[in-house]
């Protein structure tokens, strides 16, 4: 293979080792094969640091060389050896070569392969001694050779050999064009590439100003115009493409009001049954319960449930509330916009607020076929007699929830989310309250 040029390198070595072919790592993890660790690594531009060392860039067909003392590159004579045959396999009609198989230019069936260490040979290829197998220990772990990594850039090399892969896509189900999407994965590189979303009229690409931030493991991109739910993949700056089996699922903003209730329109007293399907005792309208003396729904008693039968599926439920009194265990507000009542057992999802349940103060749970199961939980500080805003969404088989003080801006991210399943048809509003008789909710 002809070499186009030889370039003398006089600058200081870089800090990052680029190892594009992690052969030793692959050999260690594939099919349980075990090999000994290499005693050195070679063939990286960044390793050039001593006179007489060279590096061959196969893609550019260029050799980089640090001249020895007294050498002038304009007069030096360079002899570049070549090899006509890399591997010779011989056999006869009577005695074959013995089970050699070539698949995708990889030779299988060779019993022994040897590597030699040419460290110390004048004019050798640029190398760096490695006295520990850093592939078996991630950066930051006790077994990781940090001193070697600091001097040779091995930690960056570890990041560089990870595959280009998307592991998770985080997007608000109510997102629209311009909203942020977070993509987690590996091998994205340090230079900005592009993110391709599924589009209504073909691929929708975020690049340039559409990229908020980019690192080797995390990308924040703006949702492009015309993007729709579907596959997401990334293309790195050096043209590596990730998998496309991860989905961004979003449905845009709410477009239709399915149900709303304004308690200012009711006189003080029991909550009227219309427009609800069922209203239990303990649900009463009070004039002084609102934030400014307006009407509010006050719920008291050991438990109660207001239900509205409906046929909606993807939906968002939001209201303001405050809790008064003392709450213990799993006592508090349970609400859902997707709940079924049938002749058999009731089926329902809940996003609940139970102030004194520790790490379960916020909880997504489902009750299907007579069994409760927790889907997701989160801790939260819910104080008595403080107004909060409650918001939950059930979209595409996922349930989301967030709660925040009513006088503060809405958090950008959902506080918890989880996949729910087991309901067959459209759901209806379900508002429940569980507390001691001395406690109430507004």
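Observations, loosely collected:
- Filtered by the rule that a residue be free of Cβ contacts under 8 Å to residues at least 40 places away in the same chain and surrounded by fewer than 17 Cβ atoms within 10 Å (Cβ to Cβ), segment 368-394 gives 370, 371, 372, 373, 374, 379, 381, 383.
- Applying the condition of being under 26 Å from the mean Cα position of the chain (by Cα) and outside any strand (DSSP E or B) to segment 341-362 and asking which residue is surrounded by the fewest Cβ atoms within 10 Å (Cβ to Cβ) yields 359.
- Cβ-Cβ distances below 8 Å connect the following pairs, each with a first residue in segment 180-201 that is exposed (fewer than 15 other Cβ atoms within 10 Å of the Cβ), a second residue that is assigned to a strand (DSSP E or B) and at pLDDT 95 or above, and a separation of six or more residues or different chains: 190/214; 191/214.
- Residue list for segment 276-287, restricted to those being surrounded by 13 or more Cβ atoms within 10 Å (Cβ to Cβ) and part of a loop (DSSP other than H, G, I, E, B): 276, 277, 279, 280, 282, 287
Let's see how each residue does on (1) in a loop (DSSP other than H, G, I, E, B); (2) in contact with a strand residue (DSSP E or B) (Cβ under 7 Å, 6 or more places away or on another chain):
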position: 383; (1), (2): yes, no
position: 386; (1), (2): yes, yes
position: 392; (1), (2): no, yes
position: 399; (1), (2): no, yes
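- One residue from 365, 408, 413 being within 24 Å of residue 168 (Cβ to Cβ) and surrounded by fewer than 19 Cβ atoms within 10 Å (Cβ to Cβ): 413
- Selection status of residue 273, loosely packed, with under 15 Cβ neighbours inside 10 Å, over 30 Å from residue 229 (Cβ atoms) and at pLDDT 85 or above: no
- Test set (1) assigned to a strand (DSSP E or B); (2) more than 21 Å from residue 374 (Cα to Cα); (3) at pLDDT below 80 - residue 305 fails condition number: (2)
- Residue count for segment 57-67, restricted to those that are assigned to a strand (DSSP E or B) and under 37 Å from the mean Cα position of the chain (by Cα): 1.
- With respect to being in the same structural domain as residue 413 (by TED's automatic domain parsing), surrounded by fewer than 18 Cβ atoms within 10 Å (Cβ to Cβ) and either in contact with a helix residue (DSSP H, G or I) (Cβ under 8 Å, 6 or more places away or on another chain) or within 28 Å of residue 398 (Cβ to Cβ) (or both), residue 253 falls outside the description.
- Residues of segment 366-381 that are more than 23 Å from residue 276 (Cα to Cα), in contact with a strand residue (DSSP E or B) (Cβ under 7 Å, 6 or more places away or on another chain) and part of a strand (DSSP E or B): 372, 373, 374, 375, 376, 377, 378.
The values are calculated or read from the model by the stated rules, or taken from the named source; none is laboratory data. In this text the structure is predicted, and so the values were computed from the model without any measurement. In this analysis, Cβ positions are derived from the backbone assuming ideal geometry, glycine residues included, and neighbour counts consider all displayed protein chains.
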